[in-house]
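Chemist: Below are the C-alpha cells for one structure; questions will follow.
The values are calculated or read from the model by the stated rules, or taken from the named source; none is laboratory data. Bear in mind that the values here come from a model prediction, so they are computed numbers and not experimental data. Counting neighbours? That spans all protein chains shown, and the Cβs are built from the backbone with ideal geometry, glycine included.
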Amino acid sequence: MDRTLKALSLILSYPTPGLQAAMPEIGGVLASDTRLTAAARRALRPLVDTLGSDDIYDLEERYVMLFDRSRTLSLNLFEHVHGESRDRGGAMVSLVETYRAAGYEPATSELPDHLPVLLEFLSTRPFAETQETLADAAHIFEALNARLVRRESPYAAVFAALLQLSGATADREAVAELLDQPEVDPEDLEALDEVWEESEVRFGPDPNAGCPQVRDMLARMDEPQRPAPGVAAE
C-alpha cells in the first residue's frame, strides 16, 4: 500500500475524532516520504497540527464551508470536468466498473469520483499507474491549490503535494479555464442556492461518455497491472 496516498486520502476526508487520533501517525508518514520535497512536507505540517489539535466542531464547520458549500472547491473531480452534465454520469459508471474490476468496494456513501475515495483506491495500485492518473488531474489540483491559497487554507498543501507526486506540470490553459469560473462566498446562502439550482444532475448510462482525458485515465486504470514488488497492505 502507498501509505502517503492513504494519508492524503484521510486528511481530505470529513474530520472525525478517529481522524484526529490518527494524525500523529499520518503526520509521520507524510514527513518521511522523500518523493515530496522538504518544502512540501513542511507545508503539510500546519494542516496536520490543525486537524490533530483544533476543536472537532470547528474542523467540521470549516470543512463543510470549503468543500461541501463551494462548488469551485468540490472534491468530486468529475464536477470540475463535466459539471452536472450527462457526460459526468458516464465517466462515473466507468470509474465504478474500474473499482469493481480491481476488487475495490468503497466503504462510503460518497460519489466514486470523490477525491479521498479515488486516492484510497490508488493507494492500492502500482505507483506508475497512480502517477499517470494523478497527472491527468494535475490542472484540477493546481486550480484547487490556487483557490485555497487565496483563502489562506492549510488544505492547499495537500493539492500541492498531489501535483508533486504526479510528476506533471499542469496545463496553464486548463488551469486558467478552471480559475475563470466565478467563486461564490459559501456564507452567501442565497447565492449558493441559485448556483445549485442552475444545473440538474443527469447521470447517463453511456460508460464511454466524457472528455478524452477522462476516458484515457480510466482506460489506463482498466489495463492489467503486475503487482508492485515488495509492497504489502498494512
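Chemist: Of the numbered conditions (1) part of a loop (DSSP other than H, G, I, E, B); (2) modelled with pLDDT of 75 or more, N208 fails exactly one; give the number of that condition.
Modeler: (2)
Chemist: So which residues in the range 60-80 are part of a helix (DSSP H, G or I) and within 13 Å of A143 (Cβ to Cβ)?
Modeler: So in the range 60-80, the residues part of a helix (DSSP H, G or I) come out as 60-68, 71-73, 77-80.
Hits for the range 60-80 are R71, T72, L73, L77, E79, H80.
Chemist: For the range 123-144, name all the residues that are more than 11 Å from the chain's Cα centre (by Cα) and outside any loop (DSSP other than H, G, I, E, B). Show your work before the answer.
Modeler: Narrowing the range 123-144 to residues more than 11 Å from the chain's Cα centre (by Cα): 123-133, 135-136, 139, 142-143.
Once the filter is applied, which keeps residues that are more than 11 Å from the chain's Cα centre (by Cα) and outside any loop (DSSP other than H, G, I, E, B), the range 123-144 yields F127, A128, E129, T130, Q131, E132, T133, A135, D136, H139, E142, A143.
Chemist: Of all residues in the range 145-170, which are assigned to a helix (DSSP H, G or I), touching a residue at least 40 places away in the same chain (Cβ under 8 Å) and over 22 Å from T34 (Cα atoms)?
Modeler: The answer is R147, L148.
Chemist: Which of the following residues is basic (K, R) and touching a helix residue (DSSP H, G or I) at 6+ places or on another chain (Cβ under 7 Å): R41, R62?
Modeler: Values: R62 fails: touching a helix residue (DSSP H, G or I) at 6+ places or on another chain (Cβ under 7 Å).
Answer to the check: R41.
Chemist: Write out, first by first residue and then by second, each pair whose Cβ atoms fall under 7 Å of each other, whose residues are 6+ apart or on separate chains, and whose first residue, in the range 56-68, is aromatic (F, W, Y) while the second is part of a helix (DSSP H, G or I).
Modeler: These pairs meet every condition: F67/L73.
Chemist: Next up: Which one of E120, E142 is crowded, with 18+ Cβ neighbours inside 10 Å and in contact with a Lys or Arg (Cβ under 7 Å, 6 or more places away or on another chain)?
Modeler: Exactly one residue qualifies, and that residue is E120.
Chemist: For residues that are assigned to a helix (DSSP H, G or I) and among the basic types (K, R), scanning just the range 6-49, find the one that is surrounded by the fewest Cβ atoms within 10 Å (Cβ to Cβ). Working first, answer last.
Modeler: Within the range 6-49, the first condition is being assigned to a helix (DSSP H, G or I), and the residues that meet it are 6-11, 17-32, 38-49.
Then keep just the ones that are among the basic types (K, R); that gives 6, 41-42, 45.
Numbers: K6: 19, R41: 19, R42: 12, R45: 14.
Restricting to residues being assigned to a helix (DSSP H, G or I) and among the basic types (K, R), the top hit is R42.
Chemist: Okay, moving on. Which of the residues spanning the range 146-166 are among the β-branched types (V, I, T) and either surrounded by fewer than 21 Cβ atoms within 10 Å (Cβ to Cβ) or modelled with pLDDT under 95 (or both)? Full working, then the answer.
Modeler: Pass one, the range 146-166, residues among the β-branched types (V, I, T): 149, 158.
Residue satisfying the conditions is V149 alone.
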